[in-house]
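Any read-out appearing in this document is the output of simple, stated calculations on the displayed coordinates, not a laboratory observation. Remember, predicted model here, so these are calculated numbers, not experimental data. We place every Cβ from the backbone using ideal geometry, glycine too, and count neighbours over all the protein chains shown.
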Amino acid sequence: MVVQQRLPSLLDVPISFAHRGASAHARENTIEAFTLALRLGGTGLETDIWLTADGEPVLNHDGVVGPRFRRRQIDTLERQDLPPHIPSLDDFFDSVGTTFHLSVDIKDSAAFDVVTRRSREAGLPTDRLWLCHPDVTTLNDQCGHDSGARRVHSTRLAKMTDGPERHAADLQLLGIDAVNMHHSDWSGGLTTLFHRFGILCFAWDIQFETRMAEVVRMGMDAVYSDHVDMMMDVVKGEAGTAGFQGLM
């Protein structure tokens, strides 16, 4: 679907999440990738978090480390036994600060509380912490309203078996803040529907400029890309400099 004019969104300017940092240009989920993403202008960083055997939240996508035939699950290892390129959440904040939105894909449901607490202690405003999970019940049970963190349901359109309108109503009832789907699932009609229920719309895996422009014009509230430079060019172009400055 091509949207010629930008539809209204619930945020003046979509948050620009660097997917696992500037992962098109640096090793994903490393301090180097996150630092580069901020230098390129990203207003948000995205990562995945697991807990180690000694309870440390660390940033890694797959949750396994080691050579091909000797891979180990992160949750079976202590923090000190992990490769040095894998940062802890504390390392992350110490290195890149807190002047951005943070989208966290929670891989271990036991991590909700510690991620929220460590983020707050580091100085990240709770309304800039977006906790993502594919199971609505887990998201609701593990991350209550009193945490202050924003809750994001990560899903696909095909999984909304009762239809998107029913799903939007259910998210509204639970107080879930946003729904995050692959960009190919979204249309201008869907963003309008979810916005009607007060649900923010996030789109991930947008790697090409033309598609990024189409998705932003659908009224998207946040976009995710490995290519931060491309993403920022499009978002700034669509939002206008004045609106973009107002985001931060």
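Would you mind finding the one in V13, V115 that is closer than 20 Å to D177 by Cβ and in a helix (DSSP H, G or I)? Criteria check complete, one pass: V115. Checking each residue in region 72-96 for being touching a residue at least 40 places away in the same chain (Cβ under 8 Å) and either surrounded by fewer than 17 Cβ atoms within 10 Å (Cβ to Cβ) or part of a loop (DSSP other than H, G, I, E, B) (or both) picks out H85, I86, P87, D91, S95.
Summed over region 53-91, residues that are polar (S, T, N, Q), touching a Ser or Thr at 6+ places or on another chain (Cβ under 9 Å) and within 26 Å of D226 (Cα to Cα) total 2. Inside region 164-220, residues that are under 25 Å from A149 (Cα atoms), part of a helix (DSSP H, G or I) and without any contact (Cβ under 8 Å) to a residue 24 or more places away in the chain make up a count of 3.
Taking every residue in region 52-65 that is touching a residue at least 40 places away in the same chain (Cβ under 8 Å) and pairing it with any residue that is not hydrophobic (A, V, I, L, M, F, W, C), at least 6 positions away or on another chain, the pairs with Cβ-Cβ distances below 7 Å are P57/S88; P57/R118; H61/R20; H61/E28; H61/N29; H61/D48; G63/Q73; G63/K107.
Sort out which residues of region 175-198 are within 19 Å of G163 (Cβ to Cβ) and under 15 Å from the mean Cα position of the chain (by Cα), and write them in order of number. Talk me through it step by step, then tell me what you get.
Keep residues of region 175-198 that are within 19 Å of G163 (Cβ to Cβ), which gives 176, 178-182, 184-198.
Across region 175-198, the qualifying residues are I176, A178, V179, N180, M181, H182.
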